[in-house]
Every structure is written in C-alpha cells, then in structure tokens.
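Enquirer: My questions all concern the structure below.
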Amino acid sequence: MKPKYGRILLKTSGEILSGANGVGIDPGRLDALASELRELHAHGVQMGVVVGGGNIFRGHTGNLQGIDRVTGDHMGMLATVINSLALQDALARAGVPARVLSAVRMAQIAEPFVRRTALEHLEQGRIVILAGGTGNPFFTTDTAGVLRAVEIGAEVLLKGTKVDGVYDSDPMRNPNAVRFKNLSYDEALQRQLRVMDATAFSLSRDNGLPIIVFDINAPGDLLRVVAGEEVGTLVGKE
C-alpha cells in the first residue's frame, strides 16, 4: 500500500470499541482496531487518534438524568481517557508505540496535551491518542478531533462510524436513503447532517481540513481510505 496521506487524525466513537452490545469495551473489537493501526504505522503513516466516551458515559445523557451538564461533560471526558488507555494498551500488545495525551491533566496516567510534545511523538514514530476532549464542557469529541487535527497538522480527518458515509437521511431507518460521495462544508451545514456537529464542521471549513466519513467496522476500509481509494463520503471544498 502506498499511503496518500502522511499524517492523519482518526476520530471514532466510544461505541465502536464496545462491539455489538454498545456498552463497555470489547477486547476483540479493540484488538481489531489496533491491528489496522499497526498496519498503517508499518507504512509510515503518522497518526493522531481521538476516541469518544459514549460506551461508558455521555455528558448529554447524564444531563437528561438530572446530572449537571458541566459535571456530566467532565465525566464524559474521563470516559474518553479510559478508552484511550485501553487503546494504548492494545497497541502496545501489537508492538506499536503509542502515547496518551490528555487535555485534562492527570500526570500519573497520561501526559498533558502540549502541541509540541504531540508533534515530537509523531515525528518519532509514535501514535498519539488525544484524550479528554478539548478539556472544556459544552464541546463534543468531534470538535476536539477537528481541533487536534488542525493543531498537529493532519492532512485529513477520518471519521470512523457505523455506516459507510454520509446519507441524506438515517439509512438505519430509511432504506431509500441516498449516500453522498462528496459534500461541501457549507452543504453539510445547511442540510444539518448529524454526522458531526456544526462547530466541528465550521472549524474544519475555516481551516480547510477535509473530512472523510467511512465505516470503520468494514475490514480494510481504514487502510483503503488512507491509500486514497474512494471510500465513504468526502466533506471539503467545492
């Protein structure tokens, strides 16, 4: 494989790590992801990874259950750290060097996120797993993913989901939903497509960061995307 991209940011939800049950961490799914990242690493691709925490706790869900929104978002940030540590461990077992850098400082278990440190790890061949969201409440991990992608100079943000791209309606509910091959940033915002939140799309547009939405559960699709094959939906300039 000849990679099209030399440096990427992979953003995926916590649910992807949970497998079929949607809760907790499934060791098989975790190892499968680590295996694909190992292959990309072997081809010299520099990678940042942002994993959500929805398989453990969602701040918004906690708010609906009576938990203060700020407190709930802080709990969600901690959930992303748990997932990031699990992925780091899986990568270590796969023989791939990785470091967890957290926006929420917890020096005993993760390095603090410092842009220069992240860049140094990338340049030394380590995968950087960027945990803790942005470190602030009211921002999603999608926004954190775009922010970190811009900060580390990623050429593209890969949004790994449970579907094979962006559709005009929910393909799980509408069998006639149409998948987009390409979308502009503005069209994605105007259509209010919920693959990423508006803040993340706007930040991507303002910084010219392309987004590729693809099915991360499809074996080999992550590698195909990085190789430049037409997989999923590309969101970018006209």
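Enquirer: Just one of the numbered conditions (1) in contact with a Phe, Trp or Tyr (Cβ under 6 Å, 6 or more places away or on another chain); (2) closer than 23 Å to Pro3 by Cα is not true of Arg179; which one?
Expert: Looking at each condition in turn, Arg179 falls short on (2).
Enquirer: Cβ-Cβ distance below 7 Å, separation of 6 or more or different chains: which pairs start in segment 224-238 with a residue that is loosely packed, with under 12 Cβ neighbours inside 10 Å and end on one that is not in a loop (DSSP other than H, G, I, E, B)?
Expert: Matching pairs, first to second residue: Lys237/Ser184; Glu238/Ser184.
Enquirer: Follow-up question, since we're still on this one. Quick test of your reading of the structure: Thr199 fulfils all but one of (1) surrounded by 14 or more Cβ atoms within 10 Å (Cβ to Cβ); (2) within 25 Å of Ala20 (Cβ to Cβ); (3) polar (S, T, N, Q). Name the failing condition by number.
Expert: Of everything listed in (1) surrounded by 14 or more Cβ atoms within 10 Å (Cβ to Cβ); (2) within 25 Å of Ala20 (Cβ to Cβ); (3) polar (S, T, N, Q), Thr199 misses just condition (2).
Enquirer: Could you tell me whether Leu30 is out of contact with any Lys or Arg (no Cβ under 9 Å at 6 or more places or on another chain), under 20 Å from Ala144 (Cβ atoms) and among the aliphatic types (A, V, I, L, M)?
Expert: Taking the combined requirement at face value, the residue does not satisfy it.
Enquirer: What number of residues in segment 104-116 are touching a residue at least 12 places away in the same chain (Cβ under 8 Å) and exposed (fewer than 14 other Cβ atoms within 10 Å of the Cβ)? Explain how you work it out, then say what you get.
Expert: Initially, segment 104-116 is screened for residues touching a residue at least 12 places away in the same chain (Cβ under 8 Å), giving 104, 106, 109-111, 113-115.
Add one more test, that the residue is exposed (fewer than 14 other Cβ atoms within 10 Å of the Cβ), and what stays is 109, 114-115.
Result for segment 104-116: 3.
Enquirer: Quick one: in segment 143-167, of everything that is modelled with pLDDT under 95 and either closer than 20 Å to Ser202 by Cβ or not aromatic (Phe, Trp, Tyr) (or both), which residue is surrounded by the fewest Cβ atoms within 10 Å (Cβ to Cβ)?
Expert: So the residue we want is Lys162.
Enquirer: Additional query: For segment 1-23, how many residues meet the condition of being touching a strand residue (DSSP E or B) at 6+ places or on another chain (Cβ under 8 Å) and part of a loop (DSSP other than H, G, I, E, B)?
Expert: Residues meeting the conditions: 4.
Enquirer: Could you list all residues from segment 46-91 that are hydroxyl-bearing (Ser, Thr, Tyr) and modelled with pLDDT under 95? Reasoning before the result, please.
Expert: So in segment 46-91, the residues hydroxyl-bearing (Ser, Thr, Tyr) come out as 61, 71, 80, 84.
Across segment 46-91, the qualifying residues are Thr61, Thr71.
Enquirer: Return yes when Ala90 is in contact with an Asp or Glu (Cβ under 7 Å, 6 or more places away or on another chain), hydrophobic (A, V, I, L, M, F, W, C) and surrounded by 18 or more Cβ atoms within 10 Å (Cβ to Cβ) and no when it is not. Lay out the reasoning, then the answer.
Expert: On the way: in contact with an Asp or Glu (Cβ under 7 Å, 6 or more places away or on another chain): yes; hydrophobic (A, V, I, L, M, F, W, C): yes; surrounded by 18 or more Cβ atoms within 10 Å (Cβ to Cβ): yes.
Here the answer is yes, as Ala90 does meet what is asked.
Enquirer: State which residue is modelled with the lowest pLDDT when the search covers only segment 168-207 and only residues that are farther than 21 Å from Val51 by Cα and of a type in the set (A, V, I, L, M).
Expert: That would be Met172.
Enquirer: Anything in segment 92-136 that is small (Gly, Ala, Ser), under 19 Å from Met77 (Cβ atoms), over 17 Å from the mean Cα position of the chain (by Cα) and at pLDDT 95 or above? List them, or say none. Outline the logic, then answer.
Expert: Kept after step one, since they are small (Gly, Ala, Ser), are these residues of segment 92-136: 92, 94-95, 98, 102-103, 107, 110, 118, 125, 131-133, 135.
With under 19 Å from Met77 (Cβ atoms) added as a condition, the list becomes 102-103, 107, 110, 118, 131-133, 135.
Applying the additional criterion that residues be over 17 Å from the mean Cα position of the chain (by Cα) yields 107, 110.
Result: Ala110, single match.
Enquirer: Please list, ordered by residue number, the helices (runs of 4 or more DSSP H) wholly in segment 24-128 having 2 or more residues that are of a type in the set (S, T, N, Q) and under 25 Å from Asp221 (Cα atoms).
Expert: Correct list: 69-93.
The values are calculated or read from the model by the stated rules, or taken from the named source; none is laboratory data. Just so we're clear, the structure is a prediction, and the values are computed from it rather than from any experiment. So basically every Cβ, Gly included, is an ideal-geometry build from the backbone, and we count neighbours across all protein chains shown.
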